[in-house]
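Novice: Before I ask anything, here is the structure I am working with.
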Amino acid sequence: GNDAGGIATYASAGSQFVYRALFVMLLVTVALVVVQEMSARLGVQTGEGLVSLIREQFNLRLGLFAVVCLMAANLGLVVSEFAGIGAAFELLHVSRYLSVPIAAVVIWGLVIFGSYRYVERVFLLLTLPFLAYPIAAILGRPKWTQVASHTVVPHMLGSRSFLVMVVALIGTTITPYMQLYQAAAVVDRGTGIDDYRSARKDAITGAVFSNVISMAIIIATAAAIGGSGALSSAKQAALALKPMVGSGATALFAIGLL
């Protein structure tokens, strides 16, 4: 779930509000675990995806409404992903007008001609750069007492900008495609009721691990540039990785963003 829009949002939360968003992320993690586990359970118990179940359980009008909402959300998501691809390549001095069309063709080819099992393994390997964030969070020497306090005790602000950030954190973490994917994945794998415990563990650990990385992004960014305001560029967000790799922070951030 840590996609381009997510990285930008978490980094911006650390840049603007330092550690204040950590308590929000703790609550969001609980919500994500609940929602993803429910999606996995529905897939295992029924052998169907969520859209199919919505169509069966509700009338055509409600089913259509759900699908339209999903398409709108996914359209916004795809736009943010390609914006992330463009920003990542521009950090590597490649124009977005070149990188985005090429990426679109490559992704289309993977979807149409690629093997899901192979692509899944490649993409899992590509998530390894995210492990840089917990290391950067430690090397950035944040004030751990503040980190702990802001994680377990709310330090909310009543400002409009903080409220917008909270909504953005929820929206970028609990996204519709993740629930549809979770249910579809267990169905496509042929996961039966006897394997439910394994599917449940997969859903819960995946959600927790994803948000541990999200919180590490906030901490690393807060330690590096916290209090400097909203992010103005991807290069500014890359500074969060500077304690770990120094001058290579921009390149590593670009790889992670990509």
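The values are calculated or read from the model by the stated rules, or taken from the named source; none is laboratory data. The shown structure was predicted, so the numbers you read here are calculated from the model rather than taken from an experiment. We place every Cβ from the backbone using ideal geometry, glycine too, and count neighbours over all the protein chains shown. Accessible surface is based on the protein model in full, side chains and every heavy atom, while ligands, DNA and RNA are left aside. Shrake-Rupley method; radii C 1.70, N 1.55, O 1.52, S 1.80 Å.
Novice: If you average 1/r over every pair of different alpha-carbon atoms in the range 154-205 and take one over that average, what Kirkwood value in Å do you get?
Specialist: 13.5
Novice: When all protein chains stay in place, what accessible area (Å², nearest 10, 1.4 Å probe) is found for K143?
Specialist: 130
Novice: What figure, in Å² to the nearest 10, do you get for the accessible area of H155 with a 1.4 Å probe and non-protein molecules left out?
Specialist: Accessible surface of H155 is approximately 50 Å².
Novice: Show me, for the range 248-258, the HN-Hα J-couplings you get by feeding each phi into the Karplus relation (A = 6.51, B = -1.76, C = 1.60, θ = phi - 60°), rounded to Hz, glycine and proline as x.
Specialist: x, 4, 4, 5, 5, 4, 4, 5, x, 5, 5
Novice: Please list, or write none, the lysines whose alpha carbon is within less than 21 Å of the alpha carbon of K143, excluding same-chain residues fewer than 8 places away.
Specialist: K242
Novice: Give me the percent of accessible area attributable to carbon and sulfur for the chain, probe 1.4 angstrom.
Specialist: 69
Novice: For q = 0.19 Å⁻¹, what log10 I(q)/I(0) does the range 64-148 give under the Debye formula with an equal point scatterer on each alpha carbon and no solvent?
Specialist: Calculated log10 I(q)/I(0) at the listed q: -1.07.
Novice: Taking Rh as the Kirkwood radius, which is the inverse of the mean 1/r over Cα pairs, what is the Rg/Rh value for the range 124-212?
Specialist: 1.06
Novice: How big, in percent, is the set of alpha carbon pairs in the range 4-157 lying more than 27 Å apart?
Specialist: 46
Novice: Return the ratio Rg/(2.2 N^0.38 Å) for the range 103-256, where Rg is computed over Cα atoms only.
Specialist: Rg over 2.2 N^0.38 Å, computed on Cα atoms: 1.24.
Novice: Excluding G248 itself, what net charge comes from residues whose Cβ is under 14 Å from its Cβ, given Lys and Arg +1 and Asp and Glu -1?
Specialist: +2
Novice: Tell me, what ³J(HN,Hα) does each residue in the range 118-133 have, in order and in whole Hz, if you take phi through Karplus 6.51 cos²θ - 1.76 cosθ + 1.60 with θ = phi - 60° and put x for Gly and Pro?
Specialist: Each residue's phi maps through the Karplus curve to give 6, 4, 4, 5, 5, 5, 5, 5, 6, 7, 4, x, 5, 5, 5, 5 Hz.
Novice: For the range 205-258, list log₁₀ I(q)/I(0) at each q in 0.14, 0.15, 0.19, 0.31 Å⁻¹, using the Debye formula over Cα point scatterers of equal strength and ignoring solvent, two decimals each.
Specialist: Debye curve over Cα of the range 205-258, log10 I(q)/I(0) at q = 0.14, 0.15, 0.19, 0.31 Å⁻¹: -0.38, -0.43, -0.67, -1.23.
Novice: Quick one: how many Å² of E120 are accessible to a 1.4 Å probe, rounded to 10?
Specialist: About 50 Å², ignoring ligands and nucleic acids.
Novice: Now, a different point. With every protein chain left in place, what is the accessible area per residue of the range 98-207 in square angstrom, probe 1.4 Å?
Specialist: 67
Novice: So for M25, M178, M244, what's the accessible-area order with a 1.4 Å probe, most first?
Specialist: M244, M178, M25
Novice: Oh, and also: Viscosity 1.002 mPa s, temperature 20 °C: what is the translational diffusion coefficient of the range 134-182 from Stokes-Einstein with a Kirkwood Rh over Cα pairs, rounded to a whole number of µm²/s?
Specialist: 159
Novice: Can you give me the Rg/Rh ratio for the range 1-74, using Cα atoms for both radii and the Kirkwood formula for Rh?
Specialist: Answer for the range 1-74: 1.11.
Novice: Alpha carbon centre of the range 162-191 versus the range 223-258: separation in Å?
Specialist: 25
Novice: So what J values fall out for the range 79-90 if you push phi through Karplus, 6.51 cos²θ - 1.76 cosθ + 1.60 with θ = phi - 60°, rounded to Hz, Gly and Pro as x?
Specialist: 4, 5, 5, 6, 5, x, 4, x, 5, 4, 6, 5
Novice: Oh, and also: Compute the semi-axes of the equivalent ellipsoid of the chain, taking the square root of 5 times each eigenvalue of the Cα gyration tensor, and list them largest first in whole Å.
Specialist: 31, 23, 18
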